[in-house]
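Following: one structure in structure tokens, then a few remarks.
The values are calculated or read from the model by the stated rules, or taken from the named source; none is laboratory data. Since we're looking at a predicted model, the values are computed, not measured. Every residue, glycine as well, gets a Cβ built from its backbone with ideal geometry; the counts of neighbours run over all protein chains shown.
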Amino acid sequence: MDPLTLTLTIIGLIAVILIGYFQVVVPFVKGEVKFSRRWPFVVSVKGTTTEDTHLCGEENLESYEMAEQQREAVAVDLRTRDEGVESMKSIAVLPFADISVQKDQEYFCDGVAEEIMNALAKVDGLHVVARTSAFAFKGKNEDVREVGRKLNVSTVLEGSVRKAGNKVRLTAQLISVDDGYHLWSETYDRELTDIFAIQSDVAQQIAVALKAQVSCAEKERIEKRPTSNLEAYTFYLKGRYFWSKRTEEGLKKSIEYFNQAIENDPDYALAYVGLADSYSLLCSYHILPPNECIPRAKVAAAKARAIDDTLAEAYESTAHVRILYDWNWMDAEGEFSRAIALNPGYAIAHQRYALYLTVMGRLDEATAEIRRAQMFDPLSLIINTDVGLIFLIARLYDQAIQQCRNTLEIDPDFCVARFALGLAYEQKKMYEEAIAEFQQAITLSGGSTVLMAALGHAYGASGQKEEAQKVLGELRNLSKRRYVSPLSIATIYAGLEENDEVFKWLKKAYEERSVWSIHLHLKVDPRFDGVCSDPRFTALLRKMGFGD
């Protein structure tokens, strides 16, 4: 190539890169990228429209009256969420230190901190960081100013608990992250039975210190005791402690403890919520078949609502069941809305509502909801992963990759983020990278069948058919000893492009009501783009309640 031609070629390439940067990347960062509410997704950038023709289905979502208003608010919401937090009174409640002689009260210390956190969340105008983000600093001697910077809060509450027999000493101090000065501190030496009064008093004293106005109704909600039975409360705290581990062993232990809490207090609404959440996760992670755990989750969530119809967690648990198993999409949205109205700072409700919105094709609203969840729980691994997953569903693979990498910087061992990262690599035909991520995720998860299916699909899609068949064989053998969702088998056949087998196993997945791969619904899973134009796929979606 002569020098002139080479020079012109380089100039042309630079021009293309600059045009792409200013027309797509910059508008996206500024929040000016918008998603159509119709399917296929249409991505609009400052008047430029492109369609991704690989996406499935076509749904008119005009019946959702709030969609247009929320869509227009997305760009503003993304640009101003951090400024909004800074303008509010904000606090992170760090896990309390266990200074008991035996050092065996970690679950109790965590529970006390979480209960204070939940009480503070009931105060209007007070931004309270959620548990997973605040507890990310557990066991770390990090400067409170650095904690405040990472969590974007102005104050931090830290403390310690010493429990001995029926006595408890709780020390708490509220610290300004700007200068490290104490704004308030107190030590409580009480009977253990007074723990509920201590928690509500701490919350109200903090509200006063932050000059937050506590209404009579809020004061009543803060002082409301979830149970008067101390033994039931102790079992509940143990249940939540093991539930937060999100492992098979942890979830099964949490069910035991929640049931013990209920045995001690049959009217303990939060214990029923814990039971519902545990069974739902056993389904989501393909640990147990849906028909074995979801009916139990439904009963527990209904019981919680019957006991306390003002409990946001109970409505969210019900909504989760609606989208996992019932496929009652209209009712699910109502339950999510009710949960958020009762507790606007409930990060899990915003997160799962975002997943619901992705399934409905309302990606602009889903983006807004997942960002709200992220605002309340900025270091949550699963919420940060779901941000990447929504990029993936929008077929914005580069953004999905970057977001998943950001999440893995928080915790390199989080297997769900590696799963999402592998999916994005695969869609960009970066098969070597995808396979490496899936292999690592399988190791970290202890052999998740969902992740094994992802590996099998990647092998098939990359032309390594023998390797894909090996994974299929492994899953078939595993199914003799534990639950393997038919969706996992269908996923591998999709990679092998054996469409008749895909639909044979999708039919079984439909019958078992197992259509989610962790947080990725079959309807929006890019791995099934190759069959989405098949009338059998359209018929299957119609059976799930998605209309024509």
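Look at His320 and say whether it is closer than 24 Å to Ala217 by Cβ and at pLDDT 95 or above.
Considered against the rule, which asks whether it is closer than 24 Å to Ala217 by Cβ and at pLDDT 95 or above, His320 comes out as no.
For Ala509, are the conditions met, namely being assigned to a helix (DSSP H, G or I), among the aliphatic types (A, V, I, L, M), in contact with an Asp or Glu (Cβ under 6 Å, 6 or more places away or on another chain) and crowded, with 16+ Cβ neighbours inside 10 Å?
no
Does any residue of the stretch 329-347 turn out to be under 23 Å from Glu114 (Cα atoms), among the aromatic types (Phe, Trp, Tyr) and not in a helix (DSSP H, G or I)? Write out each step before concluding.
Here is the first cut: in the stretch 329-347, the ones under 23 Å from Glu114 (Cα atoms) are 336, 338-347.
Narrowing the set further to residues that are among the aromatic types (Phe, Trp, Tyr) leaves 336, 346.
Narrowing further to those that are not in a helix (DSSP H, G or I): 346.
Scanning the stretch 329-347 turns up at least one residue that is under 23 Å from Glu114 (Cα atoms), among the aromatic types (Phe, Trp, Tyr) and not in a helix (DSSP H, G or I).
Please enumerate the residues belonging to the stretch 218-262 that are under 30 Å from Asp413 (Cα atoms) and among the polar types (S, T, N, Q).
Ser244, Thr247, Ser254
Mind checking which pairs have a first residue in the stretch 529-543 that is in contact (Cβ under 8 Å) with a residue 24 or more places away in the chain and a second that is of a type in the set (Phe, Trp, Tyr), Cβ under 7 Å, 6 or more apart or different chains?
Within 7 Å, the pairs are Val531/Phe537; Arg536/Phe503; Leu540/Tyr510; Lys543/Tyr510.
Answer yes or no as to whether Leu381 is at pLDDT below 95 and under 25 Å from Leu94 (Cα atoms).
Yes.
When residues of the stretch 281-311 are filtered for being free of Cβ contacts under 8 Å to residues at least 12 places away in the same chain and either assigned to a loop (DSSP other than H, G, I, E, B) or touching an Asp or Glu at 6+ places or on another chain (Cβ under 7 Å) (or both), how many remain?
1
For the stretch 374-386, what are the residues that are in a helix (DSSP H, G or I) and under 12 Å from Val416 (Cβ atoms)?
Within the stretch 374-386, Leu381, Ile382, Ile383, Asn384, Thr385, Asp386 qualify.
If you check Ala75, Ala113, which single one turns out to be small (Gly, Ala, Ser) and at pLDDT 90 or above?
That would be Ala113, the only listed residue that is small (Gly, Ala, Ser) and at pLDDT 90 or above.
Counting only residues that are assigned to a helix (DSSP H, G or I) and without any contact (Cβ under 8 Å) to a residue 60 or more places away in the chain, how many does the stretch 387-415 have?
Going through the stretch 387-415 one residue at a time, the tally reaches 17.
Please go through the stretch 416-442 and pick out each residue that is at pLDDT below 95 and surrounded by fewer than 21 Cβ atoms within 10 Å (Cβ to Cβ).
none
Given the conditions (1) part of a loop (DSSP other than H, G, I, E, B); (2) among the polar types (S, T, N, Q); (3) at pLDDT below 85, which single one is not true for Thr80?
Of everything listed in (1) part of a loop (DSSP other than H, G, I, E, B); (2) among the polar types (S, T, N, Q); (3) at pLDDT below 85, Thr80 misses just condition (1).
What's the number of the condition Phe135 fails, among (1) surrounded by fewer than 24 Cβ atoms within 10 Å (Cβ to Cβ); (2) over 19 Å from the mean Cα position of the chain (by Cα)?
(2)
Looking at the stretch 249-261, is at least one residue more than 30 Å from Val450 (Cα to Cα) and either at pLDDT 90 or above or assigned by TED's automatic domain parsing to the domain that holds Asp110 (or both)? Working first, answer last.
Going through the stretch 249-261, the residues more than 30 Å from Val450 (Cα to Cα) turn out to be 260-261.
Restricting the remaining residues to those that are either at pLDDT 90 or above or assigned by TED's automatic domain parsing to the domain that holds Asp110 (or both) gives 260-261.
Yes: the stretch 249-261 contains one or more residues that are more than 30 Å from Val450 (Cα to Cα) and either at pLDDT 90 or above or assigned by TED's automatic domain parsing to the domain that holds Asp110 (or both).
For every residue, the table says whether it meets (1) surrounded by 15 or more Cβ atoms within 10 Å (Cβ to Cβ); (2) in contact with a His (Cβ under 7 Å, 6 or more places away or on another chain); (3) β-branched (Val, Ile, Thr).
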position	(1), (2), (3)
Ala164	no, no, no
Val208	no, no, yes
Lys211	no, no, no
Glu218	yes, no, no
Ile222	yes, no, yes
Leu230	yes, no, no
Tyr233	yes, no, no
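May I ask you to verify whether Ala468 is of a type outside the set (Asp, Glu) and over 26 Å from Thr358 (Cβ atoms)?
Taking the combined requirement at face value, the residue satisfies it.
Look through Ala276, Ala207, Ala212, Ala217 and report the one residue that is assigned to a loop (DSSP other than H, G, I, E, B) and either in contact with a helix residue (DSSP H, G or I) (Cβ under 8 Å, 6 or more places away or on another chain) or within 18 Å of Met117 (Cα to Cα) (or both).
Every option except Ala212 fails the conditions.
Could you tell me which of the residues Gly456, Gly463 is closer than 28 Å to Arg482 by Cβ, of a type in the set (Gly, Ala, Ser) and either free of Cβ contacts under 8 Å to residues at least 24 places away in the same chain or assigned to a helix (DSSP H, G or I) (or both)? Before you say what the answer is, go through the steps one by one.
Details: Gly463 fails: closer than 28 Å to Arg482 by Cβ.
On inspection, the qualifying residue turns out to be Gly456.
Within 30 Å of Val484 (Cα to Cα) and not small (Gly, Ala, Ser): is that true of Lys252 in this structure?
The answer is yes for Lys252.
Sort out which residues of the stretch 260-273 are more than 25 Å from the chain's Cα centre (by Cα) and assigned to a helix (DSSP H, G or I), and write them in order of number.
Gln260, Ala261, Ile262, Glu263, Asn264
Show the residue pairs meeting these rules: Cβ distance below 6 Å; 6+ apart or different chains; first residue within the stretch 168-182 and part of a strand (DSSP E or B); second residue small (Gly, Ala, Ser).
Sorted first by the residue in the stretch 168-182, then by its partner, the pairs are Thr171/Gly159; Thr171/Ser160; Ala172/Gly159; Gln173/Ser185; Leu174/Ala209.
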